[in-house]
Each structure stands twice: as C-alpha cells, then as structure tokens.
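What follows is a set of notes on a single structure, which appears directly below.
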Amino acid sequence: MSYAKRTHPSADRNSQPISEALLAQVDRQKKDLQLLEIASGSGQHAGYLAPLLPNISFQPTEFERSQFDSISAYAGDCATGNIRLPFFVDITREPKDWDETPAPASYDYMFNSNMMHISPWECSVGLFRAAGQMLIQGGKMFTYGPYAQDGILTPQSNVDFDRSLRSRDASWGIRDIKDLKVLAQENGLRLEKIVDMPSNNKFLTWLKS
C-alpha cells in the first residue's frame with residue numbers, strides 16, 4: 001500500500017453502502033464503459049469501487065491539486081488497472097474550459113460524493129451542466145450525501161449539520177432535492193431513483209434523457 005494514500009473515516013464507513021447502491025444500477029457486463037468522477041477527494045471511493053467494476057474505466061478529477069498524489073496512488077495500486085490518473089476540474093467552469101476537455105457525450109456514468117453541501121451553489125449548477133454535456137443519452141449521474149426533500153430536512157442531526165456548515169461558509173449548506181430537480185431539467189436529466197443510505201444520507205440517480 002502506498003504511503004501517499006489518504007484515508008478518511010467517513011469514506012471507510014460509506015464505501016460499502018455506496019458500492020451496493022452503485023452495483024445495483026450499472027451495467028456490469030458491457031465492456032469499456034466510462035465513468036467520470038467529479039471531486040474525487042483522496043481517491044478512496046475510486047480505489048474501492050473500481051475493482052468491483054472491472055468493465056468500467058474510472059476517470060477521477062479534483063479541484064485540490066494536493067489530492068493528486070493520493071488519487072494517483074489508489075490508481076497505481078488498483079489490481080484491475082481501471083483507474084486513470086486524475087486531472088484538474090473547476091466544476092464552476094464550462095467543460096470546454098477544463099484543463100482537459102472530454103468529448104461531449106463520452107461518459108456512460110458520472111459520480112459525485114459529498115460535494116454539494118460543502119461548496120457554493122455554483123458548483124451544483126456546474127455539476128448538472130457537466131452531466132448534461134458529458135453523459136451519453138441514457139447515461140446516469142449518481143450523487144451521494146445529505147439532502148433536504150421538498151423543504152424538509154431531517155433528522156435533527158442534519159439540521160444541526162446544515163447550521164454548522166452555513167456558519168462556516170454562508171455559501172455552503174445541505175441542498176434540497178426539489179432545487180436539484182430544476183437544475184436537472186435545465187440540463188436534460190431527471191431524477192430516476194432515491195436510495196436512503198446510512199447516517200441519514202441519500203444516493204440519488206439522475207438519468208440523461
């Protein structure tokens with residue numbers, strides 16, 4: 001195991017339930033599928049998920065370049081060899097302005113975990129814009145984290161968490177699924193499925209129509 005790898009307790013806890021939700025909704029037989037991960041963080045999720053899906057090539061991306069060594073270490077240690085090296089993405093920018101510009105409609109799947117509540121709303125806007133451009137027709141974007149639903153945020157621990165986030169940065173906060181549905185519709189996606197997850201999180205599936 002590489003010493004460059006970073007680990008986070010939350011990713012240790014949620015990798016298994018995320019993998020179960022993901023494996024139930026992706027094609028595990030078709031070869032050479034492509035998945036774009038936005039905000040890969042340490043690379044821990046890709047490191048866990050990629051060996052379970054050897055038919056899918058994982059493309060990590062990250063805004064914080066300080067995470068690249070850790071992501072690259074997970075890629076290098078991946079037994080199935082299906083994690084690419086990361087590249088820099090500022091998700092608030094149009095995909096055509098990214099450092100590396102993927103071809104439109106070149107990804108079967110996208111994945112984003114625990115970003116929307118600890119980033120400005122512009123990042124959520126950019127995420128759905130990218131999904132609208134980067135996903136093939138019938139492709140899916142999976143997002144994981146805490147969410148409000150139709151103006152209701154539960155339980156109290158999530159209410160307290162949201163208050164804490166907003167006190168740290170007024171542009172942060174737990175997003176409401178009804179607002180994300182608007183972004184999805186504007187970019188040719190629709191909410192297909194909601195899976196309740198441990199620790200009061202949700203796994204959302206957005207389908208590109």
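The values are calculated or read from the model by the stated rules, or taken from the named source; none is laboratory data. Everything numeric here is computed off the predicted structure, so don't read it as measured data. Note that each Cβ is placed from the backbone with ideal geometry, even for glycine, and that neighbours are counted across all protein chains shown.
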**OP:** Quickly run through the stretch 151-162 and pick out the residues that are out of contact with any strand residue (DSSP E or B) (no Cβ under 7 Å at 6 or more places or on another chain) and either of a type in the set (Asp, Glu) or surrounded by fewer than 13 Cβ atoms within 10 Å (Cβ to Cβ) (or both).
**Re:** Ile152, Thr154, Pro155, Gln156, Ser157, Asp160, Asp162
**OP:** Residues being in contact with a strand residue (DSSP E or B) (Cβ under 6 Å, 6 or more places away or on another chain) and under 24 Å from Arg13 (Cβ atoms): count how many of those fall in the stretch 83-115.
**Re:** 8
Subject >> Those residues of the stretch 29-47 which are closer than 18 Å to Leu207 by Cβ and either over 12 Å from the mean Cα position of the chain (by Cα) or loosely packed, with under 13 Cβ neighbours inside 10 Å (or both), in sequence order >> reply: Lys30, Leu33, Gln34
**OP:** Would you mind stating whether Gly81 is farther than 16 Å from Arg175 by Cα and either free of Cβ contacts under 8 Å to residues at least 12 places away in the same chain or small (Gly, Ala, Ser) (or both)?
**Re:** yes
**OP:** May I ask you to list pairs of residues, at least six apart or on different chains, whose Cβ atoms are under 9 Å apart, with the first in the stretch 185-202 being exposed (fewer than 15 other Cβ atoms within 10 Å of the Cβ) and the second being hydroxyl-bearing (Ser, Thr, Tyr) and not in a strand (DSSP E or B)?
**Re:** Arg190/Ser209; Ile194/Tyr147; Ser199/Ser10; Ser199/Ser157
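Is it true that Phe111 is over 26 Å from Leu207 (Cβ atoms) and out of contact with any helix residue (DSSP H, G or I) (no Cβ under 7 Å at 6 or more places or on another chain)?
Numbers: over 26 Å from Leu207 (Cβ atoms): no; out of contact with any helix residue (DSSP H, G or I) (no Cβ under 7 Å at 6 or more places or on another chain): yes.
No.
Taking the criterion of being among the aliphatic types (A, V, I, L, M), under 27 Å from Asn200 (Cβ atoms) and surrounded by 13 or more Cβ atoms within 10 Å (Cβ to Cβ), would at least one residue in the stretch 53-65 satisfy it? If you could, list the steps in order and put the result at the bottom.
Taking the stretch 53-65 first, the residues among the aliphatic types (A, V, I, L, M) are 53, 56.
With the extra rule that they be under 27 Å from Asn200 (Cβ atoms), the set shrinks to 53.
Now restrict to residues that are surrounded by 13 or more Cβ atoms within 10 Å (Cβ to Cβ): 53.
Yes - at least one qualifying residue is present in the stretch 53-65.
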Original post:
For the subset of the stretch 1-12 comprising residues that are surrounded by 12 or more Cβ atoms within 10 Å (Cβ to Cβ) and outside any loop (DSSP other than H, G, I, E, B), which member is farthest from the chain's Cα centre (by Cα)?
Top reply: Ser10
Subject >> Selection from the stretch 179-209 of residues that are touching a Gly at 6+ places or on another chain (Cβ under 7 Å) and not in a strand (DSSP E or B) >> reply: Asn187, Gly188, Ser209
Original post:
Would it be correct to say that Ala79 is under 20 Å from Val26 (Cβ atoms) and not in a helix (DSSP H, G or I)?
Top reply: yes
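Does Glu122 fit the bill of being in a helix (DSSP H, G or I), at pLDDT 95 or above and of a type in the set (D, E, K, R)? I'd like the intermediate steps shown before the answer.
Working: in a helix (DSSP H, G or I): yes; at pLDDT 95 or above: yes; of a type in the set (D, E, K, R): yes.
Yes, satisfied.
Give the residue, chosen from Asn158, Asn187, that is over 19 Å from Ile91 (Cα atoms) and over 15 Å from the mean Cα position of the chain (by Cα).
Numbers: Asn187 fails: over 19 Å from Ile91 (Cα atoms).
Exactly one residue qualifies, and that residue is Asn158.
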